[in-house]
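Structure, as structure tokens:
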Amino acid sequence: MNEEQYKMIYDCVVNGKVNDATKIGESLKAAGIDSKEVGKVLIDAMNNVGHRYREREIALPQLILATHSFKKMLVPYVGSSSSYSGVVIMGVVQNDIHDIGKNLVVGMLQVYGYKVHDLGKDVPLDKFVEQAKATGANIVGAGTLLTATMPELESILQKMKVAGIKDKVKFMIGGAPITTTFAKKIGADGYAGDAILTVELVGQLMKGNQAYLAASEGRS
Amino acid sequence: MKTRMNPRERVIAALQHEPVDRVPVSGMAWTIGAIAGGYSTKEYSQSGSKMAKGQIAFWEKTGVDLLHPTSDMGQTAEGWGVKMRYENGLTPMLDVFAVNEPGDWEKLRPLDPLKDGRMHVTIDAIKEIRSKLGDKVAIMPYVPSPLTSATHVCNMEQVMMDIVLSPEPLHKGLSVMSDSIVTYIDAIIDAGADGALFATTRASGEITTEDQYREFGANYDYQILKAVRNQGGNNILHVCGVSPHFELLANYPNANGVNWWDRGSNLPVKQAKVVYGRKVCLVAGLDQTTTLILGGPEDIRKESFDAIEAGFGDVTGMILSPGCEISPRTSFDNIKAAVKAAEEFGIGK
């Protein structure tokens, strides 16, 4: 990859040029650039975006556009990768349709090399367990924005135990009302306060560790 | 200051930074009113009388000073064409959005609060609560700001993208929604409410930058708060998130209170009191995500005392409150414990 191509990818993601992304991806593939090389630049770019988001220099609109940009750029490469860093099930619990955070997490994990099975929003609790078994997932991730549906997260964990997969599969949770205190109380292996932190969390879980990463120092 | 104030006087005085006989308490009870009244959430959200009875039942069970007769986001959003889904015991959910592409923003039309959506449910509930309880309670229903409403009529992800990619159509939609919200606030005041719990929910750094919120949020919020019938500051801003744009919110016109999730954000009550305590009434202190659903009355007593000591040193300018709507699974005894703690603390030593 030459410097111009690097800059083109980086600029597209950092500046959220979502309408140019697919065309750039196609041109890179046509030029013989493989997906791993593109992925490395995407990680550089998302590290920049993630840092600026955490510093509150940018906010959700730019983060979403950056995520859409890299996902679109990778469209021409879909199916070309044969190895993944891990397999993750992601979904928003039943009776909750707030999926913006989950969508960001899915995008972030994909660019960092994980195979993500996105179950979507309003997902029946049994489906998390069924899909974890069917795909041989390393991690089940579930989220909710609503205080009313927070108890569903604990129910998923119980279902994983009943199904006999909890020893093999880590369970992580997230969503605006979730805190470290809540995550530990219900017995989740991990919690991340935002999509950027989820990448770090998944890395820890894949090593067999537990981790609780709050987005704000005030949250516990 | 009167030795013993009624709840309505207590809430208004706290908002006006006048001395109070104890810190007033809100339970942020919206959907849980259905459970308190023994109704399904669908019944509660579609009948002013049932909403009123549910809210009154919550008041009887807990003794709070401030009620927010509200059921769900669809009360206004349905007027613009959103379809809701009802699951008993849960807040009704946005199911089908009305705005699905940028051009749809321009199709939104002004609403009549007495006819469109389910705003009339809250209006009718206010009349009945005021008629039955008089000054025994202050009333401030949830009213979504234009940018908050935008994320009710359209997928939030799309709204966030429209801020950057399609700002002009979005502005047109926000403008139409602003006019409707002015008429809604006027209608709730006419019905007997003391003000609005005005939801500026997207005014937080992890959602919008301060500049973005100024352009797409505060710009319209200001126009509304300056235009509504109730002037004098008896409105409370409600913000979600971990990095609220508090400096911006503290300088809003005609809104003396700010409600935020102090236990989960980067701004605890103690710090907010020091920096903003003279400008705004702090409406916070109870953690709806942890203590209120996982703890018991003694935990609530401790959390209440901690908050009151941090935010009530000048014997005004605070309403003890959760940072957002409480879960329908919250124990009534826990809210009652917060009221008891406020009474026990009184005006302090």
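The values are calculated or read from the model by the stated rules, or taken from the named source; none is laboratory data. What you see is a predicted model; the values in this text were computed from it and never measured. For neighbour counting, all protein chains shown are included, and Cβ atoms are generated from backbone atoms with ideal geometry for every residue, glycine included. Accessible surface areas use protein heavy atoms only, side chains included; no ligands, DNA or RNA. Shrake-Rupley method; radii C 1.70, N 1.55, O 1.52, S 1.80 Å.
Couple of notes before you dig in:
- Options A:MET73, A:MET46: the member that is touching a residue at least 40 places away in the same chain (Cβ under 8 Å) and over 16 Å from A:VAL199 (Cα atoms): A:MET73
- Residue tally, condition open to solvent by less than 30 Å² (accessible area, probe 1.4 Å) and part of a loop (DSSP other than H, G, I, E, B), over the stretch B:64-83: 8
- Checked against the criteria, A:LYS102 does not count as basic (Lys, Arg) and away from every other protein chain (no Cβ under 14 Å).
- Residues in the stretch A:50-90 that are of a type in the set (A, V, I, L, M) and within 12 Å of chain B (Cβ to nearest Cβ): A:ILE58, A:ALA59, A:LEU60, A:LEU63, A:ILE64, A:LEU65, A:ALA66.
- Those residues of the stretch A:87-117 which are under 10 Å from the mean Cα position of the chain (by Cα) and under 19 Å from A:LEU60 (Cα atoms), in sequence order: A:GLY101, A:LYS102, A:ASN103, A:LEU104, A:VAL105, A:VAL106, A:GLY107, A:MET108, A:LEU109, A:GLN110, A:VAL111
- Among (1) in contact with a Leu (Cβ under 8 Å, 6 or more places away or on another chain); (2) in a helix (DSSP H, G or I), the one test that B:GLY117 misses: (2)
- Top-ranked residue in the stretch B:206-240 [being modelled with pLDDT under 95 and in contact with a Gly (Cβ under 7 Å, 6 or more places away or on another chain); ranked as farthest from the other protein chains (Cβ to nearest Cβ)]: B:ASN230
A quick yes/no check of all residues on (1) within 26 Å of A:GLY143 (Cβ to Cβ); (2) within 11 Å of chain A (Cβ to nearest Cβ); (3) not in a helix (DSSP H, G or I):
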{"position": "B:VAL274", "(1), (2), (3)": "no, no, no"}
{"position": "B:LEU282", "(1), (2), (3)": "no, no, yes"}
{"position": "B:GLN288", "(1), (2), (3)": "yes, yes, yes"}
{"position": "B:GLU298", "(1), (2), (3)": "no, no, no"}
{"position": "B:GLU303", "(1), (2), (3)": "yes, no, no"}
{"position": "B:GLU309", "(1), (2), (3)": "no, no, no"}
{"position": "B:VAL315", "(1), (2), (3)": "no, no, yes"}
{"position": "B:LYS340", "(1), (2), (3)": "no, no, no"}
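- The stretch B:183-209 residues that are at negative phi, paired with ones that are in a helix (DSSP H, G or I) and open to solvent by 10 Å² or more (accessible area, probe 1.4 Å) (beta carbon under 6 Å, 6 or more apart): B:ALA191/B:LYS127; B:ILE207/A:LEU60
- Taken over the stretch B:210-234, the residue count meeting the criterion of being at positive phi and open to solvent by less than 10 Å² (accessible area, probe 1.4 Å) is 1.
- Single residue of B:ALA150, B:ALA187 found to be open to solvent by less than 10 Å² (accessible area, probe 1.4 Å) and modelled with pLDDT of 95 or more: B:ALA150
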